[in-house]
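Novice: Attaching a single structure in structure tokens format; questions to follow.
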Amino acid sequence: MKAPTGSTTRVVPALLLAGLSTAAPTAADTVPTTTLAPITVSAHEGISLPYDQSGVSVSVLDVAALRQQGIHTLSDAAASTPGVHALPGGGLGGRGNVSNLVIRGMGSQSYLLPMIDGMLVSGSSGNGNVTPNLAARANLFDLGSVEILRGCQGAGYGGGAISGILYMETPRGEGAPTLSIFQEAGSFDTYSANIQAQGEQNQLHFFVSSTYEHTDNDIRSASGSRPHDSKAGRYECYAQAIRLDYDLNESTTLSTTYRREDAWYDSAYLFDGMWSTTPFRFRTNLVTAKVTNKLATNYTTSLMAGYYGADNMLGHGYNQDLRNVQLEWRHALRWNPRHTTSAALRWTRSQYDTGHRNNDRNLENVYALAVEHLYSPIPEWTNTVSMRLDYSSIYQTLPTIRAASSYTFNHGSSRIFGSAGRGYRGPSSFQRSTSAYDSGWGTYYGNPGLDCETSWSADIGIEHDLSDTHTISLTYFWQQVADGIKALPYSDAPNTYRYENTSQRWTSQGVELALSGSLGDAWDSGYKLAWTYTQPHQQDGGAIPNSVRQVWSAEIHTSPLSGLTTGVGLAAAAGRRDWDSTRLDSYCTLRFFARYEVNDTLTLHLRVENLTDQDYVADRSSGNILAPGAAVYGGCTIDF
């Protein structure tokens, strides 16, 4: 069975456990082999489990194809994935503000666990605002692999992965050295530029990227008013990424990555009929170092150390700092063509400090042991069982488990797959702190007495090749969360909230439909379509906060002339709910993109976003702020 075509393909790593990946057995196996890789099917360091032998739901984004379609931000790229709804700018619709990613209807900003170069990017056991802040500013220029694992992945990765994993990786340099320069400008005083060099020289592989962007966004309200200051929604960001790999010999590789980001964002909102602006500033640093060694033909091990730091000044003198340190020792052992076992030991030290009314220092140490076993009795049938035990200095013992199975039939053109598992999420450090945070429309208090949220989830799906060029898939999923954390009214003061565990269970179930393929060789045309329908509800029938019922995404492209590629894309959502479960507008937006390769060196590109200039309210609590209107952008790429 072939992997679907298009800018989003679904291929799965061999062992979704702490970043281990091993080769799947095939009938041609004569010598047992195994190799260690990150959580990516790209297999930059080894051989991954083939797409048609995995039982879990995952989408691998084709970064190069997305960039050719004029998609340069992580949130826009995620929106093209089945089961994912992205709301850039949180409720304010602006580039640079928090970007909430809703997975399969579950809208908590803390249910999706981000990982970069194998490093967990989370605030202690929970993610808090780490995920939406990261998704708000991440770009595709310095990412070689982006994967979204949906559903019960907690057994492989631990806390914060209730709805899935967002895995990102800095690319490894390959081939002859190259230099690429990108520039683009457009509406709302928007400008972005990137310069990157990559390649290999003898045993050294290198990748270096630097990106700059700024925009004023499109700040306007449903009443038609705008801030007096045209730069009230200004966003500016500098980002750098470096990766170096050195092959000591055929069996040992040393790798290191460094990523840095400095960003400024002015959040404009309408409160009591008056426009106000709150300045935000962000700085992040990430460093990883890893050594991978293939000790034998059937045994590989690696040792990784990483650091992630985030300094967030969120206006009004409120500051939050996150400091994560991670050590990880991984192993993969191929017993025979049918059995493979992987294991990982991980220590994570997370310190989250807040500076506002109180000075809270939240320190957590998590010690994790994870084991996964793969059993494939025949080449067409693969089964995996994962178990993980976390010991937290705050929450004590936290176990998770996941089982998955995949079976290919009909001469390899059809496949059924399924998985089930248990996950958990600890409250974010701020949610369990004694601090309070003043936003433009309320004050939020932490609660030291919060318990962990727990979840059970399952999915089952079928994929079928309609022909050599068309593939369709249908997946049913179910997920339930207990002890969900929600901001509830606190005391008698107006607009005052405190985080509490709800007594009701939150359930989301639905289907994902995906169709992709090509329309012939004449014009090199292709398409993709994804539709997700969910039923997110609380136990009493009420809506889950920050949830969505239906999401559509579609794209079609064609090349009528040599060197010219053009196409249109669609994004739509219905049944959206705000942070307090109130209904939000449905919307349907169109985009146009064109790309023309003048020669081997120069490429011109053009895109039009929100082609129909559709107005829809993104967040009612912020003063009925509208999403950005129609915008035109154009630029060029120079390759050497």
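Novice: Taking the stated definitions as given, is residue 367 among the hydroxyl-bearing types (Ser, Thr, Tyr) and over 30 Å from residue 476 (Cβ atoms)?
Specialist: Yes: the conditions hold for residue 367.
Novice: Would you confirm whether or not the stretch 195-203 contains a residue that is of a type in the set (A, V, I, L, M), out of contact with any helix residue (DSSP H, G or I) (no Cβ under 7 Å at 6 or more places or on another chain) and modelled with pLDDT of 90 or more? Before you say what the answer is, go through the steps one by one.
Specialist: We begin by selecting, within the stretch 195-203, every residue of a type in the set (A, V, I, L, M); these are 195, 197.
If we keep only those that are out of contact with any helix residue (DSSP H, G or I) (no Cβ under 7 Å at 6 or more places or on another chain) too, we end up with 195, 197.
If we keep only those that are modelled with pLDDT of 90 or more too, we end up with 195, 197.
Yes, the stretch 195-203 contains at least one residue that is of a type in the set (A, V, I, L, M), out of contact with any helix residue (DSSP H, G or I) (no Cβ under 7 Å at 6 or more places or on another chain) and modelled with pLDDT of 90 or more.
Novice: Same structure, new question: The conditions are (1) more than 27 Å from residue 387 (Cα to Cα); (2) assigned to a strand (DSSP E or B), and residue 447 fails exactly one of them. Which is it?
Specialist: (2)
Novice: Still on this model: If residue 541 satisfies all but one of (1) modelled with pLDDT under 90; (2) crowded, with 17+ Cβ neighbours inside 10 Å, what's the number of the condition it fails?
Specialist: Going through the list (1) modelled with pLDDT under 90; (2) crowded, with 17+ Cβ neighbours inside 10 Å, residue 541 breaks only (2).
Novice: Return yes when residue 445 is within 22 Å of the chain's Cα centre (by Cα) and touching a residue at least 24 places away in the same chain (Cβ under 8 Å) and no when it is not.
Specialist: Details: within 22 Å of the chain's Cα centre (by Cα): no; touching a residue at least 24 places away in the same chain (Cβ under 8 Å): yes.
It is false that residue 445 is within 22 Å of the chain's Cα centre (by Cα) and touching a residue at least 24 places away in the same chain (Cβ under 8 Å).
Novice: Give, as residue ranges, the strands (runs of 3 or more DSSP E) completely inside the stretch 145-224 that count at least 2 residues that are among the hydroxyl-bearing types (Ser, Thr, Tyr) and surrounded by fewer than 23 Cβ atoms within 10 Å (Cβ to Cβ).
Specialist: 178-186, 190-201, 204-215
Novice: If you don't mind, another one. Considering only residues of the stretch 488-516 that are in a loop (DSSP other than H, G, I, E, B) and in contact with a Ser or Thr (Cβ under 9 Å, 6 or more places away or on another chain), which is surrounded by the fewest Cβ atoms within 10 Å (Cβ to Cβ)? Before you say what the answer is, go through the steps one by one.
Specialist: Initial filter on the stretch 488-516 (in a loop (DSSP other than H, G, I, E, B)): 490-495, 502-505.
Now narrow it down to the ones that are in contact with a Ser or Thr (Cβ under 9 Å, 6 or more places away or on another chain): 490, 493, 495.
On the way: 490: 18, 493: 10, 495: 14.
That would be 493.
Novice: Are any residues in the stretch 473-487 touching a residue at least 60 places away in the same chain (Cβ under 8 Å) and crowded, with 19+ Cβ neighbours inside 10 Å, and if so, which ones?
Specialist: Of everything in the stretch 473-487, those that are touching a residue at least 60 places away in the same chain (Cβ under 8 Å) and crowded, with 19+ Cβ neighbours inside 10 Å turn out to be 473, 475, 477, 479, 481, 484, 485.
Novice: Of all the strands (runs of 3 or more DSSP E) wholly in the stretch 342-435, which have at least 3 residues that are among the hydrophobic types (A, V, I, L, M, F, W, C), under 22 Å from residue 461 (Cβ atoms) and more than 26 Å from the chain's Cα centre (by Cα)?
Specialist: none
Novice: Looking only at the stretch 544-558, which residues are modelled with pLDDT of 85 or more and either surrounded by fewer than 18 Cβ atoms within 10 Å (Cβ to Cβ) or of a type in the set (Val, Ile, Thr) (or both)?
Specialist: The answer is 548, 550, 551, 552, 554, 556, 558.
Novice: I'm checking my understanding of the structure. Among residues of the stretch 525-538 that are more than 23 Å from the chain's Cα centre (by Cα) and within 22 Å of residue 77 (Cβ to Cβ), which one is surrounded by the fewest Cβ atoms within 10 Å (Cβ to Cβ)?
Specialist: Restricting to residues being more than 23 Å from the chain's Cα centre (by Cα) and within 22 Å of residue 77 (Cβ to Cβ), the top hit is 525.
Novice: Quick check on residue 241: is it among the hydrophobic types (A, V, I, L, M, F, W, C), touching an Asp or Glu at 6+ places or on another chain (Cβ under 6 Å), closer than 30 Å to residue 342 by Cβ and in contact (Cβ under 8 Å) with a residue 12 or more places away in the chain?
Specialist: yes
Novice: Pairs, please: C-beta under 8 Å, at least 6 apart or cross-chain, first residue closer than 18 Å to residue 72 by Cβ and in the stretch 213-232, second surrounded by fewer than 19 Cβ atoms within 10 Å (Cβ to Cβ) and of a type in the set (Asp, Glu)?
Specialist: 213/236; 214/189; 214/236; 215/189; 216/189
Novice: Can you name the residue in the stretch 389-438 that is hydroxyl-bearing (Ser, Thr, Tyr) and free of Cβ contacts under 8 Å to residues at least 60 places away in the same chain and is also surrounded by the most Cβ atoms within 10 Å (Cβ to Cβ) among such residues?
Specialist: Per the criteria, the residue is 407.
Novice: Let me ask you something else. Please work out which residue is modelled with the lowest pLDDT, limiting yourself to the stretch 574-620 and to residues that are small (Gly, Ala, Ser) and over 20 Å from residue 95 (Cβ atoms).
Specialist: The initial filter retains those residues of the stretch 574-620 that are small (Gly, Ala, Ser), namely 574-575, 581, 586, 594, 618.
Filter once more, so that each one left must be over 20 Å from residue 95 (Cβ atoms): 574-575, 581, 586, 594.
Working: 574: 90, 575: 87, 581: 74, 586: 87, 594: 95.
Taking the candidates together, the pick is 581.
Novice: Please tell me if residue 193 is in contact (Cβ under 8 Å) with a residue 12 or more places away in the chain and more than 23 Å from residue 600 (Cα to Cα).
Specialist: Spelling it out, it is not the case that residue 193 is in contact (Cβ under 8 Å) with a residue 12 or more places away in the chain and more than 23 Å from residue 600 (Cα to Cα).
The values are calculated or read from the model by the stated rules, or taken from the named source; none is laboratory data. Since we're looking at a predicted model, the values are computed, not measured. No Cβ is skipped: glycine too gets one built from the backbone with ideal geometry, and neighbour counts run over all protein chains shown.
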